[in-house]
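**Q** There's a structure below that I have some questions on.
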Amino acid sequence: MPEIRLLSTSGILGYGFPEESLNAGLARKPHMVGCDGGSSDPGPYYLGSGKPFASPMAIRRDLRLMLKGAIEHGIPMVVGTCGGAGGAPHLELVAAMVRDIAAEEGLHFRMALIHAEQDKSLIKRRIAEGRSRPLGRMKPLDADTVDRADRIVGMMGPEPYMRALDEGAQVVLGGRSSDPAPFAAVAMRAQLPPAPSWYAGKMLECGATPSIPKGHDCLLVTVRDDGVECEPTNPIRRCTPVSVANHSLHENSSPIHHYEPGGMLDTSDCRFDALTDRAVKVSGMRWEKADAYSVKLEAVEKIGYRAISICGTRDPLLISTLAPFLQSVKANVRAKAQDFGVAPEEYTLTIRSYGHDGVMAEREPVHDIAGHELGFLIDVVAQDPDRAAAVLAMARTNMLHTDFPGRLCREGNMAFPFSPSDIPAGPVFRFTMSHVVLPDDPCEMFPITYETI
Amino acid sequence: MALIRDIAAVCKSKNAGPFDLTIDVVFDNDDLFERVRATGVLCPALFARLYDVAEADVLFTPYPAGRAFKATFPRLVPAGDIGDTDVYGCQQHAPMLDVDIPV
């Protein structure tokens with residue numbers, strides 16, 4: 001029975017993995033080595049700013065080991081959602097690293113870059129044609145939302161990866177991708193059915209996460225017609241039927257219905273059988289082809305600039321009157337900011353109280369404050385950095401000096417750990433899309449460029 | 001009577017995309033999973049009450065293969081937006097820990 005062995009190095013390119021784990025994986029003669037490079041989990045800033053959330057130093061380290069291993073073994077190296085968010089600057093960051101490393105190490109290969117950043121006019125054309133759909137509770141997509149976006153990426157399926165490999169690329173760097181796509185592509189290209197191919201990708205996109213103990217490390221998955229086998233390459237880790245089954249819970253809304261471009265992976269009838277004490281076979285997954293191929297969009301728009309300050313109180317009298325105190329601070333700030341020309345609608349002031357409801361906000365079920373000190377994060381978002389700084393300075397001063405009933409600490413309410421106490425935190429972005437568009441072809445939104453290194 | 005903090009193997013929260021939060025409660029063995037399921041305590045109404053969301057917005061899935069229950073519902077604020085307190089959504093599980101399950 002034909003089989004394809006896929007090696008993933010870790011959950012995110014740049015999270016690190018033991019070099020011995022990569023070598024142990026390569027010794028199993030995999031048909032590819034790959035890594036998912038991104039996630040929307042660190043928030044909208046990275047897609048908006050064009051920066052990676054893993055450090056370039058750490059990305060370069062992982063990339064160098066993977067690249068050397070792939071070229072030495074004559075197998076493809078495939079990275080999805082390069083640079084964390086998979087936009088044009090993110091993809092170029094990783095491509096430039098690959099070119100540098102190849103020059104330093106004397107490596108030669110054909111490289112494909114699959115672009116995922118979307119042209120606004122194409123998206124607006126799809127809206128006009130009625131070929132966009134909202135996901136979840138989103139409203140239908142409109143042209144204004146498209147126009148306001150600072151960056152839009154489409155989430156590619158396996159097809160562009162399959163095309164790049166068909167065209168002879170040994171190194172394939174993808175922009176924003178469905179996390180399993182780079183791995184599923186290699187299995188589907190070998191004529192394996194979509195169900196085990198997608199399932200394999202689901203396991204591999206997080207590296208060794210389906211094993212225990214958890215850690216950023218390598219996972220080898222063998223794909224066959226009737227299922228997949230998962231095994232971590234580091235001998236300190238093992239896959240068990242429950243550790244593998246539970247990976248289906250990770251970062252998704254349902255453990256049994258996984259929506260992907262082109263269809264849905266249904267894992268409700270999966271069987272998990274231990275092959276050894278470290279390897280698990282999964283079978284019984286099904287793939288339901290969708291009526292129409294769809295590509296999910298992610299987008300962000302800039303909503304302002306942030307400035308923050310951190311302080312704390314050790315005063316039990318203030319803690320006992322916290323809510324009215326914060327109300328008077330906010331009222332003072334509103335009046336004084338208006339005096340210097342910044343209207344209330346031009347900024348948002350949020351004061352988070354750690355020790356009270358700093359983690360859960362309105363969903364915090366505990367209302368009594370049990371601690372002897374409270375930490376505060378003063379957060380101002382305004383339309384430009386100067387206004388944010390000005391309102392923050394006023395908020396900081398009023399946290400320090402606003403009077404409250406029974407106050408004894410007349411020199412100041414707050415301990416500030418730093419000078420300067422106010423920190424500009426740069427632009428703030430908002431996620432604005434969770435929609436799909438229906439393309440004519442799975443590859444049309446993802447142009448591929450090739451280069452010989 | 002038993003609190004989730006005393007009988008569960010895992011109780012965690014995380015983003016399911018930027019607009020939803022998902023909570024997983026996992027048990028150590030099939031027997032305990034089935035006994036918990038039989039009580040009916042873990043259900044959409046419980047999550048609606050603890051997280052102040054409409055019951056219709058809770059997607060609740062028992063997952064026997066993983067001995068787990070999963071509930072997914074809207075975040076208070078989209079991840080990273082103004083007013084968000086937990087960009088990764090991984091510290092929203094605590095109200096579950098004190099849920100009492102009569103097993």
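**Q** Between the stretch A:39-87 and the stretch A:305-359, what is the C-alpha centre distance in whole Å?
**A** That distance is 39 Å.
**Q** Using a simple spin-label model with points 7 Å from Cα along the Cα→Cβ vector, what separation in nm is obtained for A:A274 and A:Y354?
**A** 4.2
**Q** Okay, moving on. Rounded to the nearest 20 Debye, what is the dipole magnitude of the stretch A:1-113 about its Cα centre when Lys and Arg each give +1 and Asp and Glu each give -1 at the C-beta?
**A** I would put it at about 120 debye.
**Q** How are the alpha carbon pair distances in the stretch B:2-101 distributed across 5 Å bins from zero to the largest one, expressed in percent?
**A** 3, 14, 25, 25, 18, 10, 4, 1, 0
**Q** How much net charge surrounds B:K14 when only the other residues with a Cβ under 9 Å from the Cβ of B:K14 are counted, with Lys and Arg +1 and Asp and Glu -1?
**A** Net charge in that neighbourhood comes out at -2.
**Q** Just name one of A:L165, A:S268, A:L113: the one whose Cα is farthest towards the positive end of the charge dipole of the protein assembly as shown (beta-carbon charges, Lys/Arg +1, Asp/Glu -1).
**A** Among A:L165, A:S268, A:L113, the one farthest towards the positive end of the dipole of the protein assembly as shown is A:L113.
**Q** Stokes-Einstein D for the protein assembly as shown at 4 °C, 1.567 mPa s, Kirkwood Rh over Cα pairs, in µm²/s? Working shown, then result.
**A** On the way: Rh = 25.2 Å.
Diffusion coefficient, whole number: 51 µm²/s.
**Q** Just to confirm a number: summing +1 for Lys and Arg and -1 for Asp and Glu over residues other than B:K70 whose beta-carbon lies under 14 angstrom from that of B:K70, what do you get? Write out the running numbers ahead of the final one.
**A** Numbers: positive: B:K12, B:K14, B:R37, B:R67; negative: A:E251, B:D20, B:D24.
In short, +1.
**Q** For peptide A:257-270, what's the mean number of Cβ atoms from other chains within 10 Å of each residue's Cβ?
**A** 1
**Q** Here is a follow-up. Looking at the stretch A:299-379, which chymotrypsin sites (Phe, Trp or Tyr not before Pro) are DSSP coil and have at most 15 other C-beta atoms within 10 Å of their C-beta?
**A** Values: sites: A:Y305, A:F325, A:F340, A:Y347, A:Y354, A:F376; in loops: A:F340.
Within the stretch A:299-379, the qualifying chymotrypsin sites (Phe, Trp or Tyr not before Pro) (loop, at most 15 other Cβ atoms within 10 Å) are A:F340.
**Q** A further question on this structure: Would you mind counting up the charge near B:L59? Only other residues with Cβ under 15 Å from its Cβ, with Lys and Arg at +1 and Asp and Glu at -1.
**A** -1
**Q** A further question on this structure: Can you give the average number of partner chain beta-carbon atoms within 10 Å of each beta-carbon in peptide B:81-93, as a whole number?
**A** Numbers: counts 9, 9, 7, 4, 12, 5, 5, 5, 2, 1, 3, 5, 0.
Counting Cβ atoms of other protein chains within 10 Å of each residue's Cβ and averaging gives 5.
**Q** Could you rank the peptides B:75-87, A:151-163 by their average count of other C-beta atoms within 10 Å per residue, with the highest value first?
**A** The densest-packed peptide leads the list: A:151-163, B:75-87.
**Q** Add -39500 (n - 2.57) for each DSSP H run of 4 or more in chain A, then divide by its residues: what number comes out at 222 nm, to the nearest 500 deg cm²/dmol?
**A** The helix-only estimate for chain A comes to -9000 deg cm²/dmol at 222 nm.
**Q** Over both sides of the A-B contact, add up the buried accessible area with a 1.4 Å probe and give it to the nearest 100 Å².
**A** When A and B are taken together, about 3300 Å² of accessible area is lost.
The values are calculated or read from the model by the stated rules, or taken from the named source; none is laboratory data. In this text the structure is predicted, and so the values were computed from the model without any measurement. Glycine also receives a Cβ, built like all others from the backbone with ideal geometry; neighbour counts cover every protein chain displayed. We work out accessible area using only protein heavy atoms, side chains counted, and drop any ligands, DNA or RNA first. Shrake-Rupley method; radii C 1.70, N 1.55, O 1.52, S 1.80 Å.
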